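Each value in this text was obtained by applying a stated rule to the coordinates, not by laboratory testing. All values derive from a computational prediction rather than experimental measurement. Neighbour counts run over all protein chains shown; Cβ positions are idealised from the backbone, glycine included.
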Amino acid sequence: MTADRDPEPAGYSTSDRPPTRGEPLQSEAPTRHPALAVVRGITRIGGHLAREAVTRPQAMHAADVPVTGRELTTDWLTAVLCYDHPGAVVEAFDIADKSSGTSTRWKLTVGYNEIGRAAGLPENLFAKTTAGFKQRLTLDLADIMHGEPGFFKHVRPNLEIEAPRGYHSAVDSRSGRSISLLEDIVSTKGASFCTPGTPIGREQIEDLLRTMATWHARYWDDEGLRLHTWLKAPRAHFANLDRLIGMSKRARVGARRAASVIPDVLPAQHDRLYRALERSLEIASTGPQTFLHGDSHIGNTYVTAAGRMGFTDWQVVLRGNWAYDFAYVVTSGLDVADRRAWERELLTGYLARLADCGAPAPDFDTAWLAYRQQALYPYFIWLSTIGHSAIQPKYQPDEVCLGIIERTATAVVDLDAAGAVEATG
């Protein structure tokens, strides 16, 4: 259960170096034998889980990677939370509210000695781990295991935005074990998490888009993003998902399961739309790039007790065109009538915020075309979510999937997303 002992701190890729001229980024290298990679992943991760069931490891040192509450110890918590404060010690902890989906999650309340309390060390934390086989296999084969640790180490410290703070993250790439200890924003900020059923008003979506424009501007065309191989372009991320689950087939299954909320004109156009999707992701992976949340649907947002909107779940971070994130949150987050009424003005406001933050914002017509082109991925990724196969965890409840599919499917039609892609050749 010990993390790889690399020159980088535990949990981070040793390949965070500039590629030599002409060298492909590791995350975009083609996979010649995808089926073999899946079999090897199943064998490797399954073997580790079998050994863990026998050895029942406990975490004692900072390099360890616990994934269940029974593996946690005060020694490990002291090592990862108190290292900058000599004499501070974790004396007790409590675990509550366990749940499981793409990750295993639980709330963690930590008690310190007097030195730790005086230092203001975090007491209310939220743990995300990969305890289960499907969780580990999915994140490993989709190559997103290092996304959240990378965000909290390299990106979050540079941003003044509404988002949780991260206190410790680590990954053991061999076993697929991972853990992130984050700020428990429910306790610290009175946050409530959004769903498609949460009414999102004009001021709230504007707040989300201002936050998004802030981090997009900070990393606009930033060469440093290419140094981190855990930051893939959208086309590479899609290729990994396709290798893992067969996106086209899963989307067809999803379209059958969600037929009641999909406009009648879409299912018969599956092949055309899918080709347009692939081309849209090529577009999103070229030109000026920025740091992307990568999974910016409304279910990954929250509202604080003070009324601020923020983004959480930074597992699928990417680097690419700004419109990838923008289209995802607008088409998934708003009722159809509100999106139709507000989307042009929302885009104008987003572009103004980009410019205010120092980024060379595109003109409106160019941005509107980019928005239309990127409306396809939100639709297809949620079709494949409800169309999940036996090898996948059930990522989201059906009612959440159906709510987002209805919105994104209607947006694909309203925006003529395929036509916008085809118009670029």
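As an exercise, use a Förster radius of 25 Å and the Cβ-Cβ distance of T286 and D416 to find the FRET efficiency, rounded to the nearest 0.05. Efficiency, from the Cβ-Cβ distance: 0.70.
How much length is gained if the chain between K394 and R174 is pulled fully straight, taking 0.36 nm per residue apart and subtracting their Cα-Cα distance, in nm to one decimal?
Details: separation 220, 0.36 × 220 = 79.20 nm, distance 2.40 nm.
Separation in residues times 0.36 nm, less the Cα-Cα distance, equals 76.8 nm.
Among R40, R210, the ranking by other beta carbons within 10 Å of each residue's beta carbon, starting with the fewest, stands as R40, R210. Averaging Cα coordinates gives a centre for region 30-86 and one for region 346-364; these two points are 43 Å apart.
Return the whole-Å distance between the Cα centroid of region 137-176 and the Cα centroid of region 206-245. Comparing the Cα centres of region 137-176 and region 206-245, I get a distance of 13 Å. Relative to the longest principal axis of the Cα atoms of the chain, helix 398-414 runs at roughly 30 degrees.
Report the extension gain between A35 and Y83 in nm, rounded to one decimal, defined as 0.36 nm multiplied by the number of residues separating them, less their alpha carbon distance. Write out the running numbers ahead of the final one.
On the way: separation 48, 0.36 × 48 = 17.28 nm, distance 4.28 nm.
That works out to 13.0 nm of additional length.
Report, in listed order, any pair from K153/K394; K107/K232; K98/K249; K153/K232; K128/K153 with a Cα-Cα distance greater than 24 Å. Don't skip to the answer; put the middle values down first.
Values: K153/K394 29 Å; K107/K232 30 Å; K98/K249 33 Å; K153/K232 17 Å; K128/K153 16 Å.
In this structure, K153/K394; K107/K232; K98/K249 lie more than 24 Å apart at Cα.
By the compact-protein rule of thumb, 2.2 N^0.38 Å, the alpha-carbon radius of gyration of the chain corresponds to a ratio of 0.97. When peptides 345-351, 395-401, 374-380, 274-280 are sorted by average Cβ neighbour count within 10 Å, with the highest value leading, the order is 374-380, 274-280, 345-351, 395-401.
Using R0 = 30 Å, the C-beta based FRET efficiency linking K249 and W342 works out to 0.30.
Would you please state the base-10 log of I(q)/I(0) at q = 0.15 1/Å for region 289-413, with intensities from the Debye formula using one equal scatterer on every alpha carbon? For the requested q values the scattering log ratios are -0.74.
Per-residue Cβ neighbour counts within 10 Å put F311, F193, F326 in the sequence F193, F311, F326, beginning with the fewest. Taking a point 7 Å out from the Cα of R256 in the direction of its Cβ, the residues of region 388-420 whose backbone N falls within less than 13 Å of it are 388-389.
Taking the fewest neighbouring Cβ atoms within 10 Å as the starting point, the ordered list for V413, V330, V39 is V39, V413, V330.
Placing R0 at 56 angstrom, the Cβ-Cβ distance between N113 and T43 gives a FRET efficiency of 0.80 after rounding to 0.05. Mean-square fluctuations from a GNM of the chain, with a 10 angstrom spring cutoff on Cα atoms, peak among S178, S169, S389 at S389.
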